[in-house]
Amino acid sequence: MLSRKLRFAFTLLASAIAVGSIIFLFSLGYGFEKISTEQLVKADALSQIEATSSKPTDTKLSDELISQVKSIGEVESVASSTSLAGKIISGDKSLDSPFYAVSDNYYSLASLELSAGQLPTQIATSSSTPRNDSIPVIASEAKQSYLLLSDKTVIALGLNKDNVIGQKINYQLIVPPVLGGSDNTKKDFTGQVIGTIADPNSSFAYVSDADAISAGAQNRSLLKIKAKNKNDIPVIRKKVEDLGLKTSYVGDTLEQMNKFFNYFRMILAGFGAIGVIIAILGMFNTLTVSLMERIREVSLLKILGSDERTVFWLFALESLIFGILGFIGGIILYFIGKAIVMSLLSTLANRLGNQMVDIFSTPASLIIITAFATLLLAFLTGLFPARRALKVNPLDVQRFE
Amino acid sequence: MPIIEIHNLYKTFKLPKREVEVLRGINLEIKEGEFVLIFGPSGCGKTTLLNIILGLEVPTKGRVKIKGKYLEHLDSKERAKFRLKNFSSVYQNSIWLKSLNVLENIALPLYLDGLGEAEAKQKAKQALSAVKMEEFINSRPNELSSGEQQRIGVARAIVDDAEIIIADEPTGNLDSKAGHDLMRTLDHFHKIGKTILLVTHNLSYLAHADTKIAMKDGQIIGKFHENALPHKIKEELEDGN
């Protein structure tokens with residue numbers, strides 16, 4: 001009796017582990033996919049393309065070319081960015097840093113996440129609306145020469161994150177010849193820090209494109225082109241490429257990522273399948289041994305006049321019970337496993353000073369499909385012992401006795 | 001009026017390398033309420049004959065008519081239902097559902113017949129009382145002695161009030177006292193009108209039956225009503241042994 005209970009318990013545990021690992025692995029896969037996809041499709045990115053010079057020496061992103069892009073009928077707006085080298089000076093500290101000189105509408109197309117302060121496009125409106133006292137007042141004229149610094153830049157300059165907004169900082173822009181500067185033209189500016197960008201890992205600064213023009217830049221490095229309609233993207237790409245520009249589209253990356261995650265899921269499914277096969281074999285063994293142990297009972301039921309359906313469901317139900325309990329156990333194991341992993345990640349994130357991210361995503365469809373598949377597999381596994389039970393000849397049992 | 005009619009019954013078992021003819025032209029009529037004892041040497045076909053009557057085995061040739069119904073007209077599902085309604089059986093080794101107690105095991109045929117739990121248990125208690133085993137109501141059958149188990153087996157056989165009781169060597173594993181107790185129990189059910197078909201090796205039970213049938217090599221070699229074994233049949237049984 002004890003060995004029967006132990007066998008039942010171990011078979012159940014194997015089924016639960018198989019179900020739990022399937023949900024765990026797939027949730028992990030979906031979680032990674034969700035994180036990556038969300039990063040990519042922020043700020044309406046699917047209705048935008050980016051254009052750069054295919055050969056900067058031949059095709060330059062000049063004002064004339066930008067006007068041609070703007071005149072494409074399907075285009076709603078065009079924002080530009082010029083990548084420059086430069087230097088930021090704060091007190092006795094000097095930091096070499098990349099600069100992005102961007103048009104005002106660039107911010108509405110890019111997905112910049114501020115950790116403090118405001119975007120230049122918000123300054124004009126904020127001066128006429130009531131403000132929270134904790135936010136430092138930024139002079140509206142600051143929009144003329146402003147700086148948006150990454151968090152890492154703020155730290156590298158030794159500035160205090162809490163009162164950097166509103167400070168005036170000197171910076172120098174260097175315009176390379178490819179952008180129209182003659183022999184790396186340099187120009188010094190003084191600008192007010194209006195915001196900080198949530199990026200603790202990279203040093204960079206955003207400034208107004210007026211600064212780049214003032215420093216002698218005649219061409220841009222990159223255009224962000226927003227389509228009136230997402231479906232027009234292929235047409236716009238064709239027209240932009242005909243102008244000699246190279247385009248890139250987040251949808252291409254998404255497609256590649258989908259392909260990658262499809263392979264990823266197949267690999268995870270492979271691992272899960274190994275667990276499922278082991279669980280099925282365990283369940284099959286338990287049910288078959290159970291039939292052997294109960295063959296006299298099956299024989300008795302048949303002699304008494306039990307119909308075949310009763311005998312069949314006696315074993316089929318046992319396998320379904322394995323399936324149901326295995327599924328419930330699997331769900332519990334999944335949540336335990338998830339809690340352990342998330343707890344470890346939380347500890348790690350706290351130590352590194354990073355934000356905690358949920359790397360699991362468990363869509364309801366995954367649970368439903370797993371439940372259905374578990375019951376189906378359990379039923380199919382029980383089918384063979386159940387059919388064998390039907391074929392038990394009670395007379396053979398008697399003769400043996 | 002015959003409750004069981006068997007005409008020209010043959011049964012052949014096909015083995016991988018040969019065929020074994022177990023029953024060869026059996027003709028038999030058993031009247032309602034009759035106590036019939038079948039005896040003969042091992043392998044003469046007694047148990048096969050019982051199994052064909054129960055519908056557990058299909059004859060190779062011949063007809064079996066029970067309560068006016070030909071068994072060959074019933075499929076396996078209908079035969080199972082027919083068996084449930086009309087037969088009760090007791091075997092040399094009683095088989096039990098280990099997870100059920102004595103009362104529940106006795107009530108099993110009633111559960112299979114779709115009776116409610118309360119009514120089934122009430123009838124099971126009455127059957128248990130008929131074999132004087134009330135004290136074991138909550139025991140597990142496997143905890144009881146062979147004799148006690150056989151009496152519980154009889155209780156299960158009579159619980160659904162089936163008309164025909166089939167008993168295949170029910171005293172085979174019992175000592176003489178327990179065997180005689182069991183035979184007295186069968187006598188009791190014979191007296192209240194049950195038809196009893198008993199297969200045994202033990203000729204000391206001849207007196208319990210109305211009709212005695214001797215079998216040898218798949219055939220009926222004699223049928224008699226006396227309580228002693230006729231000389232002619234005795235000689236024939238001994239011939240070749």
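The values are calculated or read from the model by the stated rules, or taken from the named source; none is laboratory data. Everything numeric here is computed off the predicted structure, so don't read it as measured data. Cβ coordinates were reconstructed from backbone atoms using ideal geometry, including for glycine residues, and neighbour counts include every protein chain displayed.
Of all residues in the range A:326-356, count the ones that are assigned to a loop (DSSP other than H, G, I, E, B) and either in contact with a strand residue (DSSP E or B) (Cβ under 8 Å, 6 or more places away or on another chain) or surrounded by 11 or more Cβ atoms within 10 Å (Cβ to Cβ) (or both).
The number of residues fulfilling the criteria is 2.
Scan the range B:17-28 and give yes if some residue there is assigned to a strand (DSSP E or B), within 14 Å of chain A (Cβ to nearest Cβ) and surrounded by fewer than 19 Cβ atoms within 10 Å (Cβ to Cβ), otherwise no.
Within the range B:17-28, one or more residues are assigned to a strand (DSSP E or B), within 14 Å of chain A (Cβ to nearest Cβ) and surrounded by fewer than 19 Cβ atoms within 10 Å (Cβ to Cβ).
Could you list, in sequence order, all residues of the range A:68-97 that are crowded, with 19+ Cβ neighbours inside 10 Å and in contact with a Leu (Cβ under 8 Å, 6 or more places away or on another chain)?
A:V69, A:V78, A:A79, A:S80, A:S81, A:T82, A:L84, A:G86, A:I88, A:S90
Counting only residues that are at pLDDT 90 or above and in contact with a Lys or Arg (Cβ under 9 Å, 6 or more places away or on another chain), how many does the range A:189-202 have?
Here the count works out to 6.
Quick check: is even one residue across the range B:23-38 of a type outside the set (F, W, Y), touching a Lys or Arg at 6+ places or on another chain (Cβ under 9 Å) and without any contact (Cβ under 8 Å) to a residue 12 or more places away in the chain?
No, the range B:23-38 contains no residue that is of a type outside the set (F, W, Y), touching a Lys or Arg at 6+ places or on another chain (Cβ under 9 Å) and without any contact (Cβ under 8 Å) to a residue 12 or more places away in the chain.
Has the range B:84-95 got any residue that is more than 16 Å from the chain's Cα centre (by Cα) and either within 12 Å of chain A (Cβ to nearest Cβ) or over 20 Å from B:D168 (Cα atoms) (or both)?
no
Answer with yes or no whether A:R296 is touching a helix residue (DSSP H, G or I) at 6+ places or on another chain (Cβ under 9 Å), in a helix (DSSP H, G or I), within 30 Å of A:S361 (Cα to Cα) and of a type outside the set (A, V, I, L, M, F, W, C).
The answer is no for A:R296.
Okay, residues lined up against (1) within 14 Å of chain B (Cβ to nearest Cβ); (2) over 13 Å from A:V392 (Cβ atoms); (3) in contact (Cβ under 8 Å) with a residue 60 or more places away in the chain:
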position: A:T288; (1), (2), (3): no, no, yes
position: A:E293; (1), (2), (3): yes, no, yes
position: A:E297; (1), (2), (3): yes, no, no
position: A:L304; (1), (2), (3): yes, yes, no
position: A:R309; (1), (2), (3): yes, yes, no
position: A:W313; (1), (2), (3): yes, yes, yes
position: A:F322; (1), (2), (3): no, yes, yes
position: A:L325; (1), (2), (3): no, yes, yes
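What's the total number of residues in the range B:126-156 that are modelled with pLDDT of 85 or more and among the small types (G, A, S)?
6
Among the numbered criteria (1) part of a helix (DSSP H, G or I); (2) crowded, with 22+ Cβ neighbours inside 10 Å, which single criterion is violated by B:C44?
(1)
Which of the residues spanning the range A:357-370 are surrounded by fewer than 18 Cβ atoms within 10 Å (Cβ to Cβ) and in contact with a helix residue (DSSP H, G or I) (Cβ under 6 Å, 6 or more places away or on another chain)?
Answer for the range A:357-370, where residues must be surrounded by fewer than 18 Cβ atoms within 10 Å (Cβ to Cβ) and in contact with a helix residue (DSSP H, G or I) (Cβ under 6 Å, 6 or more places away or on another chain): A:I359, A:S361, A:L366.
Sort through B:I52, B:I106 and tell me the only one that's under 30 Å from B:N138 (Cβ atoms), among the β-branched types (V, I, T) and out of contact with any Ser or Thr (no Cβ under 7 Å at 6 or more places or on another chain).
Among B:I52, B:I106, only B:I106 is under 30 Å from B:N138 (Cβ atoms), among the β-branched types (V, I, T) and out of contact with any Ser or Thr (no Cβ under 7 Å at 6 or more places or on another chain).
Inspect all residues belonging to the range B:98-110 and state whether any of them is touching a Gly at 6+ places or on another chain (Cβ under 6 Å) and facing chain A (nearest Cβ under 10 Å).
Checked against the condition, which is being touching a Gly at 6+ places or on another chain (Cβ under 6 Å) and facing chain A (nearest Cβ under 10 Å), the range B:98-110 yields no hits at all.
Any residue that is within 14 Å of another protein chain (Cβ to nearest Cβ), closer than 30 Å to A:N393 by Cβ, out of contact with any strand residue (DSSP E or B) (no Cβ under 8 Å at 6 or more places or on another chain) and not in a loop (DSSP other than H, G, I, E, B) - is there at least one of those in the range A:272-283?
Looking through the range A:272-283, none of the residues is within 14 Å of another protein chain (Cβ to nearest Cβ), closer than 30 Å to A:N393 by Cβ, out of contact with any strand residue (DSSP E or B) (no Cβ under 8 Å at 6 or more places or on another chain) and not in a loop (DSSP other than H, G, I, E, B).
Which ones in the range A:98-111 are polar (S, T, N, Q) and buried (at least 19 other Cβ atoms within 10 Å of the Cβ)?
Scanning the range A:98-111 gives a single hit, A:S103.
Please verify whether A:S361 is within 14 Å of chain B (Cβ to nearest Cβ) and in a loop (DSSP other than H, G, I, E, B), treating the condition exactly as stated.
For A:S361, the condition - within 14 Å of chain B (Cβ to nearest Cβ) and in a loop (DSSP other than H, G, I, E, B) - is not met.
Residue-by-condition table, conditions (1) assigned by TED's automatic domain parsing to the domain that holds A:P176; (2) at pLDDT below 85; (3) closer than 24 Å to A:T247 by Cβ:
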residue: A:I23; (1), (2), (3): no, no, no
residue: A:Y30; (1), (2), (3): no, no, no
residue: A:T52; (1), (2), (3): no, no, yes
residue: A:S71; (1), (2), (3): no, no, yes
residue: A:A116; (1), (2), (3): yes, no, no
residue: A:L119; (1), (2), (3): yes, no, no
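Look at B:L49 and say whether it is of a type in the set (A, V, I, L, M), within 13 Å of chain A (Cβ to nearest Cβ) and either assigned to a loop (DSSP other than H, G, I, E, B) or within 15 Å of the chain's Cα centre (by Cα) (or both).
The answer is yes for B:L49.
I need the full set of residues from the range A:188-237 which are among the small types (G, A, S) and within 17 Å of A:G86 (Cβ to Cβ), in order please.
Once the filter is applied, which keeps residues that are among the small types (G, A, S) and within 17 Å of A:G86 (Cβ to Cβ), the range A:188-237 yields A:G191, A:S202, A:S203, A:A205, A:S208, A:A210, A:A212, A:S214, A:A215, A:G216, A:A217, A:S221.
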